[in-house]
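Working notes for the structure below.
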Amino acid sequence: MVPKHIAIIMDGNGRWAKKRFMPRFAGHKAGVEALRCIVRYCANKGIDVLTVFAFSSENWRRPEEEVSLLMDLLLTSLQREVRKLHDNNVKLRFIGDYHEFSTKLSEKIKQAEQLTRDNTGLVLVMAINYGGRWDITQATRRIARQIESGELNSTQIDETQIHSNMALHDLPEPDLFIRTGGEQRVSNFLLWQLAYTELYFTETLWPNFKEQAFEIALDSFAKRQRRFGHTGEQVERLRGA
Ligand code: IPE
Ligand code: IPE
Ligand code: MG
């Protein structure tokens, strides 16, 4: 079974650089190369959606210099890659509170979304200044506004209603979550959306995560039985039917 939607925490850039006695930023640059490789792979394999965590709402806590270099890298990578992604039929989407970014960066983000909006290939979602708690908070605020305006009644609030106000609501839910870099935590990534996602953790540092490592993750996913609360026997029966 091939996942439709893969969500990745691209972690380990800093440690990759440290091992090579290089500045952390060199690791982030190498990380962009790894992302390019994985995007190409997903596009070729016919994966529908790839969501990657590029900058978390907590990453502002890093040294000012690293934050500013990361912003520069994001901007230059967009400037360099958007055209090519568009030529390859990739649809770019951004989730997160990126309005806090420089006007130049948010303009570039809007342009990239606009340019690629009608593409029908891989949907590449970049999570920047994203946090799962932020996502739940903004959904709650939207629902509250609908109640205030009389559009909605509190008894109408159910999971579907909440879901429709969350980021990625219009896309299939993530089937596979991958975190590179060895940490086994979610770090405030997609909290709502990961409810039934298969989790995969690898020691491989993100800049080293290329086709081969990715295939191992896909193989691990293919071997799993997703039960969604059913028994294993029920799932077998449903599959056989
Ligand atoms: C992930 O790599 C990239 C971002 C958070 C932007 P890290 O920079 O967290 O790398 P490590 O975890 O320090 O190795
Ligand atoms: C998560 O990685 C965020 C991104 C990869 C963008 P971190 O390296 O920031 O996560 P923690 O701080 O180790 O949990
Ligand atoms: Mg990290």
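Just so it is clear, none of the values below were taken in a lab; they were calculated from the coordinates. Bear in mind the structure is a predicted one, so any value in this text is a computation, not a measurement. Please note: Cβ atoms are built from the backbone with ideal geometry, for glycine as well, and neighbour counts cover all protein chains shown.
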query: Does the chain classify as rounded, prolate or oblate by the C-alpha gyration tensor (a ≥ b ≥ c root eigenvalues; a/c under 1.5 gives rounded; else a/b over b/c gives prolate, otherwise oblate)?
result: oblate
query: Using modelled backbone amide H atoms (1.01 Å from N, in-plane), which distant-in-sequence or interchain residues come within less than 5 Å of PHE94's amide H?
result: MET126
task: Report the Stokes-Einstein translational diffusion coefficient (µm² s⁻¹, integer) for the stretch 132-241, Rh taken as the Kirkwood radius over Cα pairs, at 20 °C with viscosity 1.002 mPa s.
output: 128 µm²/s
- request: Name all residues of the stretch 168-210 having a backbone nitrogen under 18 Å from the label point set 7 Å from the Cα of ARG226 along its Cα→Cβ direction, giving them as ranges.
  value: 168-179, 190-201
task: Using the Cα centre as the reference, give the magnitude of the dipole from point charges on the C-beta atoms of the stretch 153-241 (Lys, Arg: +1; Asp, Glu: -1; all else neutral), rounded to the nearest 20 debye.
output: 180 debye
statement: Simple SL model, points at 7 angstrom along Cα→Cβ for PHE21 and GLU203; separation in nm is 2.4 nm
- prompt: Which shape class applies to the stretch 1-119: rounded if a/c is under 1.5, otherwise prolate when a/b exceeds b/c and oblate if not, where a ≥ b ≥ c are the square roots of the Cα gyration tensor eigenvalues?
  reply: oblate
query: Most fluctuating residue of GLU64, GLU203, GLU33 in a GNM of the chain with Cα springs under 10 Å: which is it?
result: GLU64
- line: Expected unfolding gain across LYS84-LYS110 under the 0.36 nm per residue rule, minus the alpha-carbon gap, is 7.7 nm
Charge tally in the Cβ shell below 15 Å around SER102, where Lys, Arg are +1 and Asp, Glu are -1, SER102 excluded: -2
- request: In a Gaussian network model over the chain where Cα atoms closer than 10 Å are linked, find which of ALA144, ALA112, ALA127 has the largest mean-square fluctuation.
  value: ALA144
- prompt: Considering the chain as a Gaussian network with a 10 Å cut-off on Cα pairs, which listed residue, THR155, THR51, THR140, attains the greatest mean-square fluctuation?
  reply: THR155
field: Positive dipole terminus of the chain, leading residue within ALA127, ILE95, MET10 (C-beta point charges)
entry: MET10
